[in-house]
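Structure first, then comments.
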């Protein structure tokens, strides 16, 4: 039996197979994030989290995550692992994995995307996906201290904040001259 699809003649079984394949396409999305926390003047902690989303229409099996971009010369693992595996990831579901590293080396680090490998029922070959890359990390970089709450806006005028007294819902700044903005 033949089926006309968009002006082409296909055997009906081939057309059904193509439609079935299109409905079971796997689409894995992975987002990698990293943040820095200065512990001491000579140590910085890197917190890494990777979220893996199955945006496909079928379950992914034998899901494995590998993030080998963290050099052992620069980083020590504090908690967790840079690799992880799961038996399955259902369609529409997500997994999250995190680990922490420490570095005592001052450098600008460029991390590669994490690699996610998985199997789908319609293909024998192992499938591969990549996470988003992270922005460069300035490990132990010289950063000027942040001066939070240095300025306060009071009734249309900005005054430097030396001493602040909160009284009846008004902010009174003592010993400062107003600065026009």
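Mind telling me which of the residues 98, 85, 47 ends up being over 16 Å from residue 134 (Cβ atoms) and either in contact with a helix residue (DSSP H, G or I) (Cβ under 9 Å, 6 or more places away or on another chain) or in a strand (DSSP E or B) (or both)?
85
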Scan (1) touching a strand residue (DSSP E or B) at 6+ places or on another chain (Cβ under 7 Å); (2) surrounded by fewer than 13 Cβ atoms within 10 Å (Cβ to Cβ); (3) within 26 Å of residue 74 (Cα to Cα) for the single condition residue 100 breaks and write down its number. (2)
Can we say residue 112 is surrounded by 13 or more Cβ atoms within 10 Å (Cβ to Cβ), in contact with a helix residue (DSSP H, G or I) (Cβ under 9 Å, 6 or more places away or on another chain) and under 23 Å from residue 129 (Cβ atoms)? no
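Coordinate-derived values only; no laboratory data. Because the structure is a prediction, the values reported are computed rather than measured. Glycine also receives a Cβ, built like all others from the backbone with ideal geometry; neighbour counts cover every protein chain displayed.
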